[in-house]
Amino acid sequence: MDFSTMDHLRGRDFLSLKDFDGRSLYQMLDAAQRFKAMNHGHIPHTHVLRGKTLAMIFSKSSTRTRVSFETGIWQLGGLGQFLSSNDLQVGRGETIHDTAKVLSRYVDGIMIRTFDHQDVVDLAEHASVPVINGLTDLLHPCQVMADFLTIKEHRQTIQGCKVAYIGDGNNMANSLMFGGARFGAHVTICSPERYLPDTEMVDQARAIAEDEQGTDIHVETDVFKAVQGADVIYTDVWASMGQESQQQERLQEFREYQVNQELLRHAKSDAVVMHCLPAHRGEEISAEVIDGPQSIVFDQAENRLHAQKAIMAVLMR
């Protein structure tokens, strides 16, 4: 696979979609599609990362992030090293500065999945190898790369597509706004008033959309208005990791925000349904919808592997 047109991205960090222009992100999606075709065609991969090592730091547990990154780096010819909080000295007082400096002497890239976004920013500032944001409480850019890859596959085009996100104005909402702005999709975030995304995130996404694609970023509290004309309906859990103590309160606040068959009737007849998983069936999404003919949730989950392989190959080769 020829990566020469993406040489300008080599060695960069992948912390937020707002840090890349739309052209570069589309190039990564094209690479992801080629990697996926190779997987499905049982074609051996070009080991573009042969001999490379990815340190994978997990402060939050994960199914999809760990398996997709570990499988992906191996398929590219490299090695993934799983490092939990118990495996690192950060939990015993070593600074992120020192951890970044040391890991950079051993590995060719670092993926981190953690709580505080500033930790990822600090890690990237002091590391001399690419740092990939596998998730923070603020952003989840790798997931959104997989999401827009999935939309491109099912809708043929991303530009002009209307995405309605129903749920908490969390890291997924923030990253979908940035992704929509970069890829040219219209994004509406629909949450209860007190759970709408941070206004700073909304303003940043709108500024990018105006500069790059001229697409719309909206916030809304009425679910039926939000999904009118929607090509994609997206949802996420109402209480994310670390918010378990708010579970019962959030169940009450979000009870009118479930993605179910009734809500789908207010969107386009051929609208597709997405969820970044894990799903709490019967809460933010009904079982009949997530298992129904309009769901592309498991295509979306698979595409984490292919999108992240493209990110690693482009940054670390």
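The Cα center of the stretch 139-208 and the Cα center of the stretch 284-305 differ in position by 17 Å.
Here the chain is treated with +1 on each Lys and Arg Cβ and -1 on each Asp and Glu Cβ, and its dipole about the Cα centre works out to around 1180 debye.
Along its principal axes, the stretch 148-286 has C-alpha extents of 40, 34, 24 angstrom, given from the largest down.
Over all orientations, the chain has a Cα convex hull whose mean projected area works out to 15.5 square nanometres.
Karplus-derived 3J(HN,Hα) values for the stretch 52-66, using 6.51 cos²θ - 1.76 cosθ + 1.60 with θ = phi - 60°, are 8, 10, 10, 7, 10, 8, 10, 8, 10, 5, 6, 9, 5, 5, 5 Hz; glycine and proline are entered as x.
Inter-part distance, the stretch 96-112 to the stretch 237-255, computed on C-alpha centroids, equals 34 Å. Counting only DSSP H runs of at least 4 residues, each contributing -39500 (n - 2.57), and dividing by the residue count of the chain, the helix-based mean residue ellipticity at 222 nm comes to -12500 deg cm²/dmol. Cα-based radius of gyration for the stretch 67-121, normalised by 2.2 N^0.38 Å, reads 1.21.
In nm, what is the difference between 0.36 nm times the number of residues separating ARG265 and HIS47 and their Cα-Cα distance? Gain in length upon complete extension: 73.9 nm. Amide H contacts of VAL259: ILE285, SER286, each under 5 Å away and 5 or more positions distant or on a separate chain (H built 1.01 Å from N in the peptide plane; Pro and chain starts excluded).
Which whole-number percent of Cα pairs in the stretch 118-161 have a distance greater than 14 Å?
59 percent
Under conditions of 37 °C and 0.692 mPa s, the stretch 68-180 yields 207 µm² s⁻¹ as its translational diffusion coefficient, taking Rh as the Kirkwood radius over Cα pairs in the Stokes-Einstein equation.
What the phi angles of the stretch 141-153 give under the Karplus curve with 6.51, -1.76 and 1.60, with θ = phi - 60°, is a coupling list of x, 5, 4, 6, 4, 5, 4, 6, 4, 5, 4, 4, 5 Hz, glycine and proline written as x.
Checking the cross-link pairs LYS225/LYS309; LYS36/LYS101; LYS60/LYS152; LYS52/LYS101 against a 27 Å limit on the alpha carbon distance flags LYS225/LYS309; LYS36/LYS101; LYS60/LYS152 as lying beyond it. Projected label points at HIS280 and GLU94, each 7 Å from Cα along the beta carbon direction, are separated by 3.6 nanometres.
Its alpha carbons give the stretch 1-61 an Rg and a Dmax of 13.9, 35 Å.
The modelled label-to-label distance for the pair THR199/ASP299, using points 7 Å beyond Cα in the direction of Cβ, is 3.9 nm. Packing order of peptides 232-239, 189-196, highest average first: 232-239, 189-196 (average count of other Cβ atoms within 10 Å over each peptide's residues). The amide H of ILE132, built 1.01 Å from its N in the peptide plane, has PHE14, ILE110, MET111, ILE112 as neighbours under 5 Å, considering only residues 5 or more places off or on other chains.
The modelled label-to-label distance for the pair GLU244/GLN228, using points 7 Å beyond Cα in the direction of Cβ, is 4.1 nm.
Would you please state which residues of the stretch 263-294 a label at LEU251 would reach in this model, taking the label point 7 Å out along Cα→Cβ and a backbone N cut-off of under 17 Å? Counting backbone N atoms under 17 Å from the label point, the list is 279-287. Diffusion of the stretch 218-317 by Stokes-Einstein, at 20 °C in a medium of 1.002 mPa s and with Rh set to the Kirkwood radius over alpha-carbon pairs, works out to 143 µm²/s. When Rg and the Kirkwood Rh are both derived from Cα coordinates, the Rg/Rh ratio for the stretch 1-139 amounts to 0.96.
No value in this document is a laboratory result; all are computed from the given coordinates. The structure displayed is predicted, hence computed values, not measured ones. Please note: Cβ atoms are built from the backbone with ideal geometry, for glycine as well, and neighbour counts cover all protein chains shown.
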